[in-house]
Each structure stands twice: as C-alpha cells, then as structure tokens.
1. Quickly run through the stretch 177-207 and pick out the residues that are surrounded by fewer than 16 Cβ atoms within 10 Å (Cβ to Cβ), among the charged types (D, E, K, R) and within 16 Å of L222 (Cβ to Cβ).
2. When you go through P297, P302 one by one, which is the residue that is surrounded by 14 or more Cβ atoms within 10 Å (Cβ to Cβ) and under 17 Å from N203 (Cα atoms)?
3. Would you confirm whether any residue within the stretch 231-248 is of a type in the set (D, E), touching a helix residue (DSSP H, G or I) at 6+ places or on another chain (Cβ under 9 Å) and part of a loop (DSSP other than H, G, I, E, B)?
4. Where the second residue is part of a loop (DSSP other than H, G, I, E, B) and of a type in the set (D, E) and the first is within 17 Å of G22 (Cβ to Cβ) and modelled with pLDDT under 95 and lies in the stretch 164-188, which pairs have Cβ atoms under 9 Å and are six or more apart or on separate chains?
5. Can you tell me which condition V234 does not meet? The list is (1) under 16 Å from Q311 (Cβ atoms); (2) of a type in the set (V, I, T); (3) surrounded by fewer than 21 Cβ atoms within 10 Å (Cβ to Cβ), and all the others hold.
6. Restricting to the stretch 215-258, give me the number of residues that are at pLDDT 90 or above and of a type in the set (V, I, T).
7. On the given criteria, is A243 among the aliphatic types (A, V, I, L, M) and surrounded by 19 or more Cβ atoms within 10 Å (Cβ to Cβ)?
8. Select from the stretch 259-294 the residues that are hydroxyl-bearing (S, T, Y), modelled with pLDDT under 95 and within 28 Å of I69 (Cβ to Cβ) and list them in ascending order.
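The values are calculated or read from the model by the stated rules, or taken from the named source; none is laboratory data. Predicted model, so just to flag it, every value in this text is computed and none were measured. Here the Cβ positions follow ideal geometry from the backbone for every residue, glycine too, while neighbour counts run over all protein chains shown.
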Amino acid sequence: MDSSRSQGAEHNVVSVAKPSLGRTGIEIGEFIFGAGAIGGVGGALATRGQGITVQQGLDRLDEAWDLGIRTIDTADSYAGGESERAVGHWLGERRPEGAVVQTKVGVVAEPGGRHINLSKSHIERQLAQSIERLGRVDLYLSHAPDPDTPLAETLEAFASAQDAGLISAFGVSNVDVPLLEALLTTADRKGLPRPGWIQNRMNLLDRSDEHHLLPLVAAEGLGYTPYSPLAGGVLSDRYLDGAEVALGSRIAVAGELYYQGAYTEANLRRVAALRVLARERAASVSGLALAWLRAHPTVTAPIVSPSTPGQWNAVREALQTEIDEEERSQITALFT
C-alpha cells in the first residue's frame with residue numbers, strides 16, 4: 001500500500017482481534033471482506049455487470065484494509081473471474097503485509113443455471129487459474145456440493161494441493177449435517193486432512209444452521225464463517241416504512257437467486273422491531289444485526305461486502321459493540 005494512503009488512514013483503523021480459523025491455526029480477524037459483488041453479484045450469468053465496478057471494488061478493498069480487515073473472500077466463478085482478477089490486481093499493487101487470500105472452486109455458470117464440478121482434474125485446473133489471477137491462494141473452499149464426484153476424490157485433490165504448498169488449508173461451503181458428517185468420516189477413513197471450516201449462509205433471518213449444523217461444528221472444532229450477514233440489505237432500515245426496493249440493489253438484482261425468502265412483510269416487521277432495540281442503543285439496525293452475529297459463540301468471522309463507503313459504518317459499530325447473553329437472547333427472540 002502506498003505510504004501516503006497508509007499514513008492518511010491510520011486514525012480510521014479499528015483494532016481487530018484475530019481469532020484462529022478452527023484448528024487450522026490461521027488467524028483471520030473478526031470480519032472477512034467478501035469480493036463477490038465486484039463485476040457482478042455472485043457467479044450467475046444473469047447478474048454479471050450488475051454489482052460494483054472494478055474501481056469501486058478496489059476502493060472497498062482499501063477501506064476494508066484501513067478498517068483492519070485482513071482476509072479477502074472471492075471465488076473463481078464470481079463475475080466470470082472478474083472478482084479474482086480485481087482482488088489480484090489490488091494485492092499486486094498494494095502488496096499488503098499479512099493479507100489472507102481465500103477463494104472457492106466448483107461452480108460452473110452456464111446459460112439457464114449452473115453445475116457443480118469438484119473432480120480432481122477440475123480442482124487442479126481451477127486452482128492453477130486462481131493462483132494466476134490472485135498471485136496466491138491461502139484458503140481454499142469447495143463452493144457447493146457435487147453429487148457426481150466421490151467425496152474421497154475431492155478430499156484427495158484438496159490434500160494434494162495442501163501437500164504441494166499451493167494452499168494452507170481448505171474448507172467447504174453450503175453443506176448440511178449429513179454431508180459434513182460424510183466428509184469428516186471419509187477423511188478419517190482415508191487418512192486425509194479434514195476440512196477446517198464451514199462457509200454457509202447465516203443471519204438473523206436465516207438461522208437454520210443453529211439447531212443442527214453448528215453443534216456439530218463446535219463439537220468437531222471447526223471454524224464457521226457465515227456469508228450474507230445482512231440478508232442482502234433486508235437487515236437494515238432501507239426497506240422499512242414502505243420504502244421501495246431500489247433499482248440496482250442486491251434484492252432487486254439477485255433477490256430470487258441468493259436471498260430467497262428474505263424480503264417479506266413478516267421479515268420487515270421483525271426488522272422494524274429490531275430497529276426499536278437499535279435506537280435504544282443509539283445503533284443502526286445493520287450494526288446491531290452484525291454485532292449479534294459477531295457475538296455468536298460458534299461464529300469465527302462473518303463475511304461482509306459493503307457496496308458503498310457509508311456501509312462500513314455498520315461494520316465499525318459491530319466491532320465496537322459488545323453484546324452479552326441476555327441482549328443476544330432478546331434480539332434472537334424477535335426472529336424466532
């Protein structure tokens with residue numbers, strides 16, 4: 001990072017603790033920056049070009065770094081590779097010391113949908129491409145389950161990459177309890193490394209992992225890095241009081257793809273109730289929603305993806321807001 005920018009940003013830095021990612025021993029910080037909106041929204045063909053621009057993405061990366069966020073999440077499929085290329089450009093230009101680079105493999109976008117490929121050959125090919133785009137890959141994730149490839153083959157591919165020093169650790173995304181149990185059992189039976197963490201969707205409006213998956217995650221000592229912590233912006237005040245869904249917003253662009261069931265009248269009533277609690281604490285709705293997730297005992301680090309500079313305010317609030325068990329229970333009760 002150039003010295004003039006670094007000096008000018010010093011007073012904006014918030015001290016961020018560095019929790020370890022499960023049993024990997026890798027420190028990732030309390031929040032991760034998600035680069036999935038650079039050049040599009042996620043990996044779907046239909047949303048390419050509808051996220052933030054590359055320059056806006058570079059600005060958000062600078063702002064994340066200034067805030068103390070050191071881990072960056074992307075995927076080989078996001079915007080057809082534009083997200084990885086933008087992150088790689090930022091890493092090459094800034095050369096930030098201590099950055100942790102995370103990407104995902106498996107999703108292949110195609111007209112009308114997508115398919116998942118976690119075969120050994122696909123992982124090897126895509127990892128080489130991701131390293132070329134990013135400069136290196138520290139943390140590697142399967143992006144979604146592949147019903148057609150044996151689990152052992154996928155695990156062996158990740159283990160080979162780890163043994164070769166191409167990645168430091170690997171995890172899995174979008175898994176349920178049966179699949180996670182099968183992955184752990186297969187790894188143990190084959191004498192292979194276990195995945196070190198899980199990346200699933202979780203927020204106050206989607207707590208499906210709490211009852212079954214998170215107890216398993218905790219019992220096995222795995223990390224947990226939830227994405228979509230604000231449900232595409234529904235967990236804010238932007239849609240309250242009859243406000244319309246703005247053109248270009250994530251709900252407008254990808255509501256049916258990535259935020260199914262989030263934008264409903266029932267959920268907006270719950271968010272309005274959360275606003276009452278937020279006002280009592282002189283906090284924003286989104287800041288309190290992030291603080292709730294940050295305080296969750298099984299969550300390692302949520303993935304945040306602000307589109308504008310002002311949206312970092314919620315992350316700052318969450319970093320500076322301590323929530324005790326009674327307050328967590330009070331907030332949780334609104335969304336039960």
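1. E181, D188
2. The match here is P302.
3. Taking the stretch 231-248 first, the residues of a type in the set (D, E) are 237, 241, 244.
Restricting the remaining residues to those that are touching a helix residue (DSSP H, G or I) at 6+ places or on another chain (Cβ under 9 Å) gives 237, 241.
Still in the list and also part of a loop (DSSP other than H, G, I, E, B): 237, 241.
Yes.
4. Going by the 9 Å Cβ cut-off, there are no qualifying pairs.
5. In the conditions (1) under 16 Å from Q311 (Cβ atoms); (2) of a type in the set (V, I, T); (3) surrounded by fewer than 21 Cβ atoms within 10 Å (Cβ to Cβ), V234 misses (3) alone.
6. 3
7. On the way: among the aliphatic types (A, V, I, L, M): yes; surrounded by 19 or more Cβ atoms within 10 Å (Cβ to Cβ): no.
Here the answer is no, as A243 does not meet what is asked.
8. Keep residues of the stretch 259-294 that are hydroxyl-bearing (S, T, Y), which gives 259, 263-264, 284, 286.
When the remaining residues are screened for being modelled with pLDDT under 95, the result is 259, 263-264.
The answer is Y259, Y263.
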